[in-house]
Amino acid sequence: MATFRIDSNESFTTEVTIRESDMHTKDAYVKFTRYYIPEEIRGCNEMFLTPTQLDLLGRFLIRQADEIRLEQANRTCQ
């Protein structure tokens, strides 16, 4: 199991937890938990993804981050 914590600011935090769901389905359990003020859960999304889907999701997020960085850089240059 692995958890990645993103502290957006002092009030908002997002945790992404990923682990193998079980030996039979071979899917990954993915959970996004959003916190408002350290221990108050404001939302939670859980899903099961194949390792390929998980890889595609990661690649999608990287592509989007690159595009947003480029758009923001272009705005500051104008």
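The values are calculated or read from the model by the stated rules, or taken from the named source; none is laboratory data. Remember, it's a predicted structure, so these values are computed and weren't measured experimentally. Every residue, glycine among them, receives a Cβ derived from its backbone with ideal geometry; neighbour counts consider all protein chains shown.
Give the residues of the range 13-51 that are hydrophobic (A, V, I, L, M, F, W, C) and at pLDDT below 90, sorted by residue number. Break it down into steps so the answer makes sense when it comes.
The first filter runs over the range 13-51 and keeps only residues hydrophobic (A, V, I, L, M, F, W, C), leaving 16, 18, 23, 28, 30, 32, 37, 41, 44, 47-49.
Answer for the range 13-51, where residues must be hydrophobic (A, V, I, L, M, F, W, C) and at pLDDT below 90: M23, I37, I41.
So, in the range 30-57, of the ones that are polar (S, T, N, Q) and loosely packed, with under 12 Cβ neighbours inside 10 Å, which residue ends up nearest to T3 (Cα to Cα)?
We begin by selecting, within the range 30-57, every residue polar (S, T, N, Q); these are 33, 45, 50, 52-53.
Now narrow it down to the ones that are loosely packed, with under 12 Cβ neighbours inside 10 Å: 45, 52.
On the way: N45: 14, T52: 19 Å.
This residue is N45.
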Over the range 51-78, the set of residues among the small types (G, A, S), within 16 Å of the chain's Cα centre (by Cα) and over 15 Å from I18 (Cβ atoms) is A65
If you go through Q72, Q64, the only one that is out of contact with any Gly (no Cβ under 8 Å at 6 or more places or on another chain), at pLDDT below 95 and not charged (D, E, K, R) is Q72
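Take the conditions loosely packed, with under 10 Cβ neighbours inside 10 Å and of a type in the set (K, R) and apply them to R5. Does it pass? So that I can check it myself, show each step before the final result.
Numbers: loosely packed, with under 10 Cβ neighbours inside 10 Å: no; of a type in the set (K, R): yes.
Considered against the rule, which asks whether it is loosely packed, with under 10 Cβ neighbours inside 10 Å and of a type in the set (K, R), R5 comes out as no.
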Being touching a residue at least 24 places away in the same chain (Cβ under 8 Å), assigned to a helix (DSSP H, G or I) and not hydroxyl-bearing (S, T, Y) narrows L54, L70, L61 down to just L54
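Of everything in the range 8-29 that's among the polar types (S, T, N, Q) and under 13 Å from F48 (Cα atoms), which residue is surrounded by the most Cβ atoms within 10 Å (Cβ to Cβ)?
Residue satisfying both the conditions and the ranking: T17.
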